[in-house]
Amino acid sequence: MREKLVAGNWKMHGGLAENKVLLDGVVAGLSGLTGAKAAVCVPYPYLFQAQSVLQNSPVAWGAQNLSEHAKGAYTGEVSASMLKDFGCQYVIIGHSERRSLYGETDAVVAHKYKWAHAAGLVPILCVGESLAERENGVTEQVVARQLDAVVHAVGAAGMKGAVIAYEPVWAIGTGKTATPEQAQAVHAFIRGRLREVDAELAEKTVIQYGGSVKAANAAELFGMPDIDGGLIGGASLHAEDFVAICRAAQAS
Ligand code: PGA
């Protein structure tokens with residue numbers, strides 16, 4: 001049985017004072033959480049704050065990106081080992097905003113994944129098609145290409161313990177959620193693809209859905225057999241909403 005994981009992706013939002021209110025609210029709302037996992041992925045400068053507030057709570061924390069290199073002369077970059085220094089458990093890799101706005105290719109994503117995995121971080125690998133790709137009927141090809149790039153780079157052993165987030169680009173921040181059936185179909189496809197690599201890996205891998213998940217639609221999505229929680233953008237900025245989504249994961 002896979003334990004569901006709900007992870008917040010704050011993106012470039014927050015500030016010390018408002019984070020404190022949000023984190024305190026999340027911790028209070030999720031005290032005694034069992035049967036599901038919760039985490040928040042915050043901007044780099046707030047990792048120390050997240051660590052201070054969340055340690056000894058049921059809520060884990062992580063980052064939204066990392067360097068494709070281990071260390072060296074890469075001005076402005078942050079390495080996997082630096083994230084470990086601040087107690088990160090998770091790191092989002094290959095989010096569609098990074099792919100489309102910062103030119104991250106499948107190869108770059110695979111490098112980032114490798115360093116994250118080597119450092120003992122749990123990579124949350126994002127995959128997903130654009131609206132045009134869905135309309136052209138190439139959703140599965142796109143998702144397979146994004147997934148295979150990493151699988152080929154790290155093998156079955158490197159995929160162990162990872163989280164995959166299926167995030168249709170057209171559903172991110174648009175208020176347009178994939179229907180539970182649409183999402184389930186792609187999740188089942190992803191799990192099938194992993195099964196070709198290793199059957200046990202496929203059964204154990206947590207596959208989150210992301211894209212306009214809210215308290216109102218979380219339970220329906222998380223009730224699908226291959227949807228193991230969510231990656232939450234907008235709704236993770238409000239403690240009450242985020243807590244309700246985590247509770248929906250716990251109940252489903
Ligand atoms: P959203 O973002 O929940 O605001 O749609 C999800 C994401 O980008 O991870």
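The values are calculated or read from the model by the stated rules, or taken from the named source; none is laboratory data. Remember, it's a predicted structure, so these values are computed and weren't measured experimentally. These accessible areas exclude ligands, DNA and RNA; they are computed on the full protein's heavy atoms, side chains included. Shrake-Rupley method; radii C 1.70, N 1.55, O 1.52, S 1.80 Å.
Structural remarks
- Long-range tail of P(r) for the range 25-173 (Cα pairs > 29 Å, %): 20 percent
- GNM result for the chain, Cα springs below 10 Å: residue of Asp85, Asp228, Asp148 fluctuating most strongly: Asp85
- Sorting the Cα pairs of the range 95-185 by distance into bins of 10 Å, from 0 upward, gives 16, 49, 29, 6 percent per bin.
- Anisotropy class of the range 158-252 from Cα gyration tensor, a/c 1.5 cut: prolate
- Under-5 Å amide H pairs with Trp61, H placed in peptide plane, nonlocal only: Val40, Gln89, Tyr90
- Mean accessible surface per residue for the chain, computed with a 1.4 Å probe while every protein chain stays in place, in Å²: 44 Å²
- Cross-link pairs beyond the 23 Å C-alpha cut-off, checked among Lys11/Lys176; Lys112/Lys160; Lys160/Lys214; Lys20/Lys114: Lys160/Lys214; Lys20/Lys114
- Hydrodynamic radius (Kirkwood) for the chain, which is based on Cα pairs only, to one decimal in Å: 17.9 Å
- Apportionment of accessible area to carbon and sulfur, the chain, percent (1.4 Å): 56 percent
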